[in-house]
Amino acid sequence: MSAGVGVDLENLWIRFGDFVAVRDAKVHINGGDFFSFLGPSGCGKTTILRAVSGFLEPSEGQVLIGGKDMKGIGPNKRPTALIFQNLALFPLMKVWENITFSMEIKGASARERRKRADELLDMIALPDQGDKLPSELSGGQRQRVAIARALCAEPDVLLLDEPLSALDLKLRQHMRTELREIQKRVGITFIYITHDQGEALTMSDNIAVMRAGVIDQIGDGKTIYNDPSTAFAASFVGENNVFRGTVKQVQGDTALIATNRSGDLLARVSSANQGKMKAGDDAMMFIRPEAFALAPVGSEGDHFVTATVTNEEFEGNAFNIFMEGDGGKEMKVSLPNLGQSFDSHKGQSMTLQYDVQNAVALPAGDLATE
Amino acid sequence: MKNLSLMRLSIWAYLAIFFAYLLGPLVIMSVTAFNSPEFPRATPWECLTFEWFSALFHDERILNGIKNSVLVGFGTVILSVAMGLAGALMLTQIWPKLRATYYTIIIAPILVPGVVIGISTLVFWDRINRMLGLGADSFLSNGLFLTVIGQSTFIASYCMLVLVARLQRYDAALTEAALDLGATHAQAFRKVLLPFMKPAIASAAVLAFLASFENYNTTTFTFGEYPTLTIELAQKVRYGITPAISALAFIIVLLTVFAALFNEANIRRKELVFEARKGATVEELSSGRFKMPGFLSSNWAAVALVVVACATVVVVGTATVYSPQQCIANVQEQKRLETEIRIQELQRQRELRRQQQEAEQGSTAPAQSQPADNNSGFGGVFAPNTLSGEEESGAAEPAEESSGFGGAFAPSTLSGDGN
Ligand SMILES: Nc1ncnc2c1ncn2[C@@H]1O[C@H](COP(=O)(O)OP(=O)(O)OP(=O)(O)O)[C@@H](O)[C@H]1O
Ligand SMILES: [Mg+2]
């Protein structure tokens, strides 16, 4: 993975007055990676991106692009191109002029520009649309034009600030695959910002999960999903059921947690926290909806959960069963539809089992509110 | 139902009065430009004439004034738009807490009376001129320079208001996008911000030119040896007014109507093109087979423009061949006849009175009441003459001789101006 140019953030701090927007970020992004920053609104994602593209000077720390410190280098001198949250296409220029703006700056002839624009328009599957104005395009088409405009500048690093957030669901899903394909084709580093965990998981090689200016965890999608290192990461990425309690005993990489509602349960300590959790600590245990299975009636033990059904729904590929959960939030259980039937009704008590490897024990912390 | 129609009627009446109030003076003034009497008036209509236009174009001072006004106008446009744009940009960049204060300061010149700006410009630059040890004929005391500077102090504020309105709709991310794509700040300004501001800059320029063209208060202190049109007009009016000035007003009104219609027609055309582009398919757009709507199609403003243009051509054409000499001669002849009849009438009355006086020399009461009646009769006869008599002071003279009262009225005062 040494094809492209890497980006490093070293102990990066960004402050606005007293407000700390980014706190001590340490990130290494491999050249050629599709790297995502994932976090809720207002957590500082755009701020990080602006520091990388050069619109913001870090208060402390460094931004390195290709190993070179970018301090004092303006946005027009950095090998980055930014796709803005609102795209910022030039409204008075035609599509082909928009796309080749970076060439116009360098004094390329209209002929060369036209030629390059046609190539890029082919690449983004918008052939023959060069003579339209941005306002005459659909949302998804504008999106692609913005990508082409950024790629035309031949950046080493492409920065994308929630570029799909304005699109409807269908188009968003389509654009995800398209973006990923473009990235593979051009082979440059993509830094992608999103608050949509589905987007981050499907597209990224690596993901940084952010919360209120702090980077909680960096890893590939599987690691973040299966082995979160904070309660926030566990609750923000994907659906998860939380069980609060205290650590009763730790043995190797498993912990016995005395939960508030469901008795003593076993869970695997997440790899980032091994050796850090000890008996008596406040803890949280997370089990994903799909990690549960039905247990024989009357089963009891440290990997069985019994609760009252409050609601159920049929989703086609799965049955979703909602049960009384911890902390006022419903517990969701997702059972694959294999043609079986359940005799569960509202108000009835149900027993479930799980594999201890699929339950994660973490130190207690803030949960994502979404 | 009845109420509704009454309501409608009163709205129409209101509109009629409103427009009469707005446009009436302009219409009357335009009419006077084509009437032959030497004092501008619409009634009584005497002869259609174009001589006031030729008089206008032979008036050195007016022409010189127009030239100076145009020079000052262009200078003011350049300076004001540049300063206005700088001020507007500054407003968007400045620290938000200072914005309100800054705004007040930069708007202040609009609120300061033009006279004060004129005087202070004069005093200020005179000081600077002296500090630099320059003479009275230096550039800094040049009338054109001072007028441009003086007018720009407040016209720049107008420009800024126009430009700020557009700038507020500018997405600063566009400049950032340009920078991000490698543009320098100057390039981003020139290629992205300036094209966006172009319509507002055009409006500001027109506004600045018009404001400069019609300015009097400030210019009156600064013009030096370069009197502008307003200054010349004001000086002219002081010594009497001729329909040549109406002719000038008419030309200005006509130009304004032209400009307004042209602008409207263009806007309408752009709308039509935009709609057509929206409706056009991709193939039409890219293959160039896309058909633009014509300039005149469903564009009432363009039609009106063409009509006005045709009318102008016809009028100018008529003016070159038409000669009002015969008509003027007729009118003069008629007036002479009327005056003669009046004189005869007067003489007859005087004769009658004298006979009466002789007859009733003893009793005074009726004798005194009689002349009093005649007095009012005089007034009635001479009232129209105060307006019509001035071109024919010669014809009016006998009346002056024949009655002490008549002389007290207009002919001498008005004809004095005409000479
Ligand atoms: N120029 C600024 N001055 C002061 N505070 C700022 C400034 N820019 C951003 N912030 C603050 O920094 C925090 C992070 O902002 P940022 O734009 O990075 O959020 P984000 O993660 O991109 O959110 P979103 O997903 O909504 O775009 C916010 O609390 C915001 O209020
Ligand atoms: Mg953002």
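Bear in mind that the values in this text are calculations on the coordinates, not laboratory data. Remember, predicted model here, so these are calculated numbers, not experimental data. As a convention, Cβ positions derive from the backbone with ideal geometry for all residues, glycine included, and neighbour counts pool all protein chains shown.
Net charge within 12 Å of residue A:221 by Cβ-Cβ distance, Lys/Arg positive one each and Asp/Glu negative one each, not counting residue A:221 itself?
Details: positive: A:222; negative: A:199, A:205, A:220, A:227.
Residues near residue A:221 contribute -3 overall.
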Check your understanding: Separation between the residue B:60 and residue B:262 pseudo-spin-labels, each 7 Å from Cα along Cα→Cβ, expressed in nm?
Key -> 3.2
Check your understanding: To the nearest Å, what is the center-to-center distance of the stretch A:14-79 and the stretch A:260-336, using C-alpha atoms only?
Key -> 38
Check your understanding: Taking each residue of B:170-177 in turn, how many C-beta atoms of other protein chains fall within 10 Å of its C-beta, and what is the average?
Key -> 6
Revision key, fill the gap. Karplus ³J(HN,Hα) for the stretch A:295-300 (6.51 cos²θ - 1.76 cosθ + 1.60, θ = phi - 60°; Hz, whole; x = Gly/Pro) runs 10, x, 4, x, 5, 9
Check your understanding: Per residue of B:181-188, what is the mean number of Cβ atoms on other protein chains within 10 angstrom of that residue's Cβ?
Key -> 6
Point to revise | Straight-distance crosslink candidates among lysines, where the alpha carbon sits under 26 Å from residue B:198 and sequence neighbours closer than 8 are dropped | key: A:94, A:106, A:132, B:270, B:278
Review point. Residue A:33's amide H: which non-local residues (gap 5+, or another chain) put their own amide H closer than 5 Å, with H modeled 1.01 Å from N in plane and none for Pro or chain starts?
Key: A:190
Review point. Rounded to the nearest 500 deg cm²/dmol, what is the calculated helix-only ellipticity per residue at 222 nm for the protein assembly as shown, with -39500 (n - 2.57) per DSSP H run of length n ≥ 4?
Key: -17000 deg cm²/dmol
**Study point:** Inter-chain Cβ neighbour average for residues A:73-86, partner chain, 10 Å
**Key:** 4
Review point. In the protein assembly as shown, which cysteines lack any other cysteine Cβ under 4.7 Å from their own?
Key: A:43, A:152, B:159, B:310
Point to revise | residue A:159 long-range amide H proximity, modeled H, under 5 Å | key: A:81, A:82, A:83, A:191
Practice item. Would you mind checking the pairs A:248/A:346; A:276/A:332; B:67/B:236; A:26/A:248; A:248/A:276 and listing those with alpha carbons more than 22 angstrom apart? Key: A:248/A:346; A:276/A:332; A:26/A:248
Practice item. Hey, can you grab everything whose amide H is under 5 Å from the amide H of residue A:318? Only 5+ residues off in sequence or another chain; H modelled, so Pro and N-termini drop out. Key: A:337
Point to revise | Euclidean distance of C-alpha centroids, the stretch B:11-55 and the stretch A:103-172, integer Å | key: 60
Point to revise | Ranking of B:92, A:100, B:49 by count of other Cβ atoms within 10 Å, fewest first | key: B:92, B:49, A:100
Check your understanding: In a shell of Cβ-Cβ distance under 14 Å around residue A:114, excluding residue A:114 itself, what net charge do Lys and Arg (+1) and Asp and Glu (-1) give?
Key -> -3
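Taking the stretch A:40-144, which GluC sites (Glu not before Pro) meet the DSSP loop condition and have no more than 10 other C-beta atoms within 10 Å?
Qualifying residues, ordered by number: none.
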**Study point:** Integer Hz, Karplus 6.51/-1.76/1.60 couplings in order for the stretch A:173-184, x for Gly and Pro
**Key:** 5, 5, 5, 3, 5, 5, 4, 4, 5, 4, 4, 5
Point to revise | DSSP beta bridge pairing in chain A, given as percent antiparallel to the nearest 5 | key: 75
Practice item. Could you line up A:354, B:21, B:216 from fewest to most neighbouring Cβ atoms inside 10 Å? Key: B:21, B:216, A:354
Review point. Could you state the number of Å between the C-alpha centres of the stretch B:247-265 and the stretch B:86-117?
Key: 33
**Study point:** Sparse-neighbour loop sites [GluC sites (Glu not before Pro); the stretch B:171-233; at most 14 other C-beta within 10 Å; DSSP]
**Key:** B:214, B:225
Review point. Taking the Cβ of residue B:81 as the center, what net charge do the other residues with Cβ under 14 Å away carry, scoring Lys and Arg +1 and Asp and Glu -1?
Key: +2
Review point. So how do A:282, B:137, A:253 line up by other beta-carbon neighbours within 10 Å, fewest first?
Key: B:137, A:282, A:253
